[in-house]
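Accompanying notes for the structure given below.
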Amino acid sequence: MSAEIVIDGVGHRYASRGERVLEDVSARIERSTTAAIIGRSGCGKTTLLEIIAGLIIPADGAVRIGGREVKGPSPKWNVMFQQPSLFPWMTVFENAALGLRLGGRTSGIEAIVNRALERVDIAEYAQANVRQLSGGQQQRVALARSLALEPDVLLLDEPFSSLDAFTREALQEEVGELAHELGIATVIVAHRPPTRRPRPWKTGWAHSSRVSPHCVRTGATIRPSS
């Protein structure tokens, strides 16, 4: 579970709107590092994340993960969206194991999922129905589901935006610490970074019509803080 993300001169325009949302975005996000892309709604944050994930092919430039150009989605770069997308009739364990089962995994699932649940501090609810959990706990289940797949890269599109400020801060910090511990390059879209950032956390600011933050811009390199 280790891969570097390289964003090389990425630009994008939506043909239907004739609007250029990204221009000449370059950055390097190393393993064990969490990069936060911060900005107001509509400024291109999610577009950049979806390009990294291979959900959108950029008009200009390229993204490479682990040295390989991204030309489409892969289970090795996992995306978490704003909603946890859990199945309400399933238990916490069953939801966390779903990605493995859909991927054809048949052995070792129990150990992998239990380890993932422990990492996000939700193991005690493994046999509970997800409808019994709070919003923050449900997002922990979604995060455990992502970690169970042992991704090289973790991409998060404002997954904690609907939570209260205290829970949002705690989960953002925990994501940074988990990324550092597991050696995962992580990109999180958010309206603001956590007040107390973990050591490997870096922030970039996205502006309207162009993502040109102080960390995510031409020639910038994002590295763990010293």
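The values are calculated or read from the model by the stated rules, or taken from the named source; none is laboratory data. Just so you know, these numbers come straight off a predicted model, no measurement behind them. Please note: Cβ atoms are built from the backbone with ideal geometry, for glycine as well, and neighbour counts cover all protein chains shown. For the accessible areas, the whole protein counts, side chains as well, though only heavy atoms, and no ligand, DNA or RNA atoms are used. Shrake-Rupley method; radii C 1.70, N 1.55, O 1.52, S 1.80 Å.
How big is D, in µm² s⁻¹, for region 55-197 by Stokes-Einstein at 4 °C and 1.567 mPa s if Rh is the Kirkwood radius over C-alpha pairs?
Numbers: Rh = 15.8 Å.
Answer, rounded: 82 µm²/s.
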query: Binned at 10 Å from 0, what are the whole-percent values of the Cα-Cα distance distribution for region 112-172, short to long?
result: 22, 54, 24, 0
- line: Counting sequence-distant residues (5 or more places) and residues on other chains, those with an amide H built under 5 Å from that of Leu156 are Met80, Val187, Ile188, Val189
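Looking at region 50-91, which trypsin sites (Lys or Arg not before Pro) are in a loop (DSSP not H, G, I, E or B) and have at most 15 other Cβ atoms within 10 Å?
Numbers: sites: Arg64, Arg68, Lys71, Lys76; in loops: Lys71, Lys76.
Listed in order of number, the matching sites are Lys71, Lys76.
Over region 87-161, with the other protein chains present, what is the accessible area per residue in square angstrom, probe 1.4 angstrom? Let's see the in-between values first.
On the way: 3360 Å² over 75 residues.
Spelled out: the 1.4 Å probe surface of region 87-161, per residue, equals 45 Å².
Under the definition of Cα pairs under 8 Å and six or more residues apart, what whole-number percent is the relative contact order of region 10-58? Please report the intermediate quantities before stating the final value.
On the way: 37 pairs, mean separation 14.5, N = 49.
Reported as a whole number, the value is 30 percent.
Suppose the chain between Phe81 and Thr106 were pulled fully straight at 0.36 nm per residue; how much longer would it get relative to their current alpha carbon spacing?
Values: separation 25, 0.36 × 25 = 9.00 nm, distance 2.63 nm.
So the extension gain works out to 6.4 nm.
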statement: Stokes-Einstein D for region 35-125 (25 °C, 0.890 mPa s, Kirkwood Rh from Cα pairs), in µm²/s, comes to 156
